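Student: Next up is a structure, given as structure tokens.
The values are calculated or read from the model by the stated rules, or taken from the named source; none is laboratory data. Everything numeric here is computed off the predicted structure, so don't read it as measured data. Cβ placement follows ideal geometry from the backbone for every residue including glycine, while neighbour counts extend to all protein chains displayed. The area values use the complete protein model at the heavy-atom level, side chains included, leaving out ligands, DNA and RNA. Shrake-Rupley method; radii C 1.70, N 1.55, O 1.52, S 1.80 Å.
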Amino acid sequence: MSLTDRSALLIVAHGSTVNPDSSAPTLAHAAEIRRRKVFADVQCTFWKEEPSLRDAMFLFDPELIREVYVVPNFISEGYFTQTVVPRELELNGRMTKRSNGQVWKYCDPVGNHPMMTRLLLKRAREVAPDVDPAETSLLLVAHGTDLNENSAVAAKREAEKIRALGKYAAVLNVYMEEPPLVSDWRKLTRTPDVVVVPFFISDGLHSYEDIPVLLGIVDAAPSPRPSQEAATGCRVHHARGEIFRSNPYKIDNRSLFYAPSIGTDPGFAEIILDQVLNAKS
């Protein structure tokens, strides 16, 4: 990949005020791209962390950087990519020319990339290397929301693509907040082995706590004591990462394998770069 020495990359992600792991994958992908020296500059901004989206316009010197590629590190085309990011970055379409002469090009979110299918299959194999896919159900877990109906489209699309390959006995897209619900996995699947991959950019409260509770592999976390809640501003967390190292979970004489969120895969750096190439063509 070759760009001019006056081009920059801006990776936009959600971030979190309560979860320090939320921005970690985005920062890691940025560091890998920075290491490759493809762009004159590589920066990250977040909706819920610093530097904020509103700070983005001040990150690149217009005398040095003439072209900025904006890649949303979001799993789906939805409320944030269609409404929040364009509004906060003052983008008026795929290409926006600033008063200072900079041209900002808005790329597709990472979740739209065809490579997602391969990464999901890779993650499923990594978490359950010895299972027979023909005797296994694969569940892709997304959030689901009423803010924008497109938020569930990416998970549904990927489930359909993997299902068409005929590798797994069943491939389902399930959600935390809309049917089909991940909490109904026992009713939705019949196989002895079930592999669950969270379709999220990072591991956080959803993957550490909420989904494990919905799956029944951990009990609901007790409410924090008032002093604890005041000190942390958030719920008590289970040990980070431990939930992924206890596979398989034995439930109802079946084996359930629970993977880290797909957005933590290092292959996302390649997807980000490819989304820039797609915007250039």
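Student: Can you find, among N92, P179, Y69, the residue sitting farthest towards the positive end of the charge dipole of the chain, where Lys and Arg contribute +1 and Asp and Glu -1 at Cβ?
Tutor: The listed residue farthest towards the positive side: Y69.
Student: What does the charge count around C44 come to, taking other residues whose C-beta lies under 12 Å from its C-beta (Lys +1, Arg +1, Asp -1, Glu -1)?
Tutor: -3
Student: So what's the Cα pair-distance distribution over the chain, bin width 10 Å, in %?
Tutor: Distribution as computed: 6, 28, 32, 21, 10, 2, 0 percent.
Student: With axes computed from alpha carbons, what is the tilt in degrees of helix 115-127 against the longest principal axis of the chain, rounded to the nearest 10 within 0 to 90?
Tutor: 40
Student: Same structure again: Would you work out what percent of the accessible area of the stretch 48-109, with all protein chains in place, is carbon or sulfur (probe 1.4 Å)?
Tutor: 51
Student: Measure nothing fancy, just the Cα-based angle from helix 268-280's long axis to the longest principal axis of the chain, in degrees from 0 to 90, nearest 10.
Tutor: Around 40 degrees separate the two axes.
Student: Report the dimensions of the stretch 1-66 along its three principal axes from the alpha-carbon atoms, largest first, rounded to Å.
Tutor: 38, 23, 11
Student: Additional query: Before rounding to the nearest 500, sum -39500 (n - 2.57) across all DSSP H runs of length at least 4 in the chain and divide by the residue total; then give [θ] at 222 nm in deg cm²/dmol.
Tutor: -7000 deg cm²/dmol, from helical runs alone.
Student: Just to check, using Stokes-Einstein with a Kirkwood Rh over alpha carbon pairs, what's the diffusion coefficient of the stretch 78-184 at 4 °C and 1.567 mPa s in µm²/s?
Tutor: Answer, rounded: 81 µm²/s.
Student: I would also like to ask the following. For helix 153-165, report the angle its Cα long axis makes with the longest principal axis of the Cα atoms of the chain; keep it between 0 and 90° and round to the nearest 10°.
Tutor: It is inclined by approximately 60 degrees.
Student: If you only keep lysine pairs separated by 8 or more in sequence, or across chains, how many in the stretch 66-180 come under 24 Å at the Cα atoms?
Tutor: Numbers: K97/K105; K122/K156; K122/K161; K122/K167; K156/K167.
Going through the stretch 66-180 pair by pair, I get 5.
Student: Taking N as the number of residues in the stretch 1-139, what is its alpha-carbon radius of gyration divided by 2.2 N^0.38 Å?
Tutor: 1.20
Student: Now for a different question. Figure the gain on full extension for F58 and L188 (residue separation times 0.36 nm, minus the Cα-Cα span) and round it to one decimal in nm. Walk me through the numbers on the way to the answer.
Tutor: Details: separation 130, 0.36 × 130 = 46.80 nm, distance 4.92 nm.
So the chain would gain 41.9 nm between F58 and L188.
Student: Rolling a 1.4 angstrom probe over the protein heavy atoms, how many square angstrom per residue are accessible across the chain?
Tutor: Ligands and nucleic acids excluded, the figure is 47 Å² per residue.
Student: Treat every Asp and Glu Cβ in the chain as -1 and every Lys and Arg Cβ as +1, leave all other atoms uncharged, and give the resulting dipole magnitude about the Cα centre to the nearest 20 debye. Show your work: numbers first, answer last.
Tutor: Numbers: 32 positive and 36 negative charges, 120 e Å.
So the magnitude is around 580 debye.
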